[in-house]
Structure formats: C-alpha cells, structure tokens
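Bear in mind these aren't lab numbers, they're just calculated from the coordinates by the rules spelled out. What you are looking at is a predicted structure, and each value in this text was computed from that prediction instead of being measured. Virtual Cβ from ideal backbone geometry, glycine too; neighbours counted across all protein chains shown.
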Amino acid sequence: MPGHPENRERLRSTWELLGRSGALDAMLDVPCTPASDERLLRVHSRKHLDTVALAAQRSAHLDADTYVGPDSEQAARLAAGGLCNVVDAVLTGKARNGFALIRPPGHHATPDRGMGFCLYNNVAVAARAAQTEHGVQRVMIVDFDVHHGNGTQDAFYDDGSVLFFSTHQYPFYPGTGHWRETGH
C-alpha cells in the first residue's frame, strides 16, 4: 500500500547503502525460496496459514495495521524461507555468518495470528529449522527493535531450548514485554 511504513523501499534503500559501502562484495548471495508448509507449521497453526492465504486472495486486513495484498503471502514465505536458507548456509559451512535482508518482518506474528505488519515469524521458523533439520539443541534469539517481539516470545515461552532476548521500549506497541515476562 502506498505510504504504508512496511514497504519494499526499506529493502531497496538498505541494499543500495550496502552496495555503495562495498559490503555486498564480501557477501555470499543466498537465494530466497518459499518456506514450505512443513517449515511454517513447526511454528504456526494450520488455521493461521489458511487465514493468511485467504486474506491474500481477498486483499484484506488481518488487523488495523496488517494489510495482506495479493503478493503478501508469497513475500512472507520468501522471507521465512530465505532466512532458513541463510541458516542452512551457516550450519553447513558454506558461510561463516549470515545477514538476511528480508521483508515483511515477522517478530509480531504469533503461532495463531499475524499482526503488526507481520504474517509469519521468520526468525522462529528459522530457529525451528535449525533445531529439526540440523540438530541444533539450543538457540538464542536477540531481538533489537523499539517494539517487543511478542510473537517470537509467544512461540517459545514454554520452550527451554530457545532463549528469546528482546530489547525494546516498554510499553510501546504491542504493550507486551514487561521485564517480569520471563518464560518457563
């Protein structure tokens, strides 16, 4: 949507800056492929996947902030799949470290609901891929954003194999992330 804060210009301007700085020359280009249902269902419910797909067909809002257009669902799958591909590259030794320039964002997407511009939780999907496909036993996710990554927290709140660490300004949107919320 024109004028919406979550738009492709955010990626384009970052890509151009990386190009001008020469940083792209030192990076391995890892292709984005769509995340499969199998990967998404490790984090999200079937109902959520169906809701996003239906919203994309109808060009609808999931909430007041989260508009889903005809290409949104595919873009979200590419973002989650692209991040999984970067994780694969690092864990198989093809890359020493990774940087994924992807959109839409994902940290507000809970297992059952998209919100805050987020359809699928990219980092949660990639963390689960690391665990199930590569045998990684423990994962730490550091979320550095002005907003709390409530969806990532929800996905792993009762899972001791994933430590979610969020730096954010409380009580900004979505109003979660009080220091007393420590998981189990």
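What to note about this one:
- The packing ranking of peptides 114-122, 30-38, highest mean first, is 114-122, 30-38, where packing means the average number of other beta carbon atoms within 10 angstrom of each residue.
- Spin-label pair A64/Y157, simplified geometry with 7 Å Cα→Cβ offset, distance in nm: 2.2
- Residues R180 and L101, FRET efficiency given R0 of 22 Å [Cβ-Cβ distance, rounded to 0.05]: 0.05
- Ascending count of other beta-carbon atoms within 10 Å, so fewest first, for V139, V123: V139, V123
- Peptide ranges 89-97, 50-58 listed from the most packed, as the mean C-beta count within 10 angstrom indicates: 50-58, 89-97
- Looking at the stretch 101-139, the trypsin sites (Lys or Arg not before Pro) that sit in a DSSP loop and have at most 15 other Cβ atoms within 10 Å of their own Cβ are R138.
- Kirkwood Rh, Cα atoms: Rg over Rh of the chain: 0.95
- The label point for V146 and the one for L28, both projected 7 Å from the Cα toward the Cβ, are 3.5 nm apart.
- Of all DSSP beta bridges in the chain, antiparallel share, percent nearest 5: 40
- Once backbone amide H atoms are built at 1.01 Å from N, S166 has D143 as its partners under 5 Å, excluding neighbours fewer than 5 places away on the same chain.
- FRET efficiency, R8 to T132 (Cβ-Cβ, R0 25 Å, nearest 0.05): 0.20
- Gain on full stretching of the segment that runs from A53 to A89 - 0.36 nm per residue minus C-alpha separation: 10.1 nm
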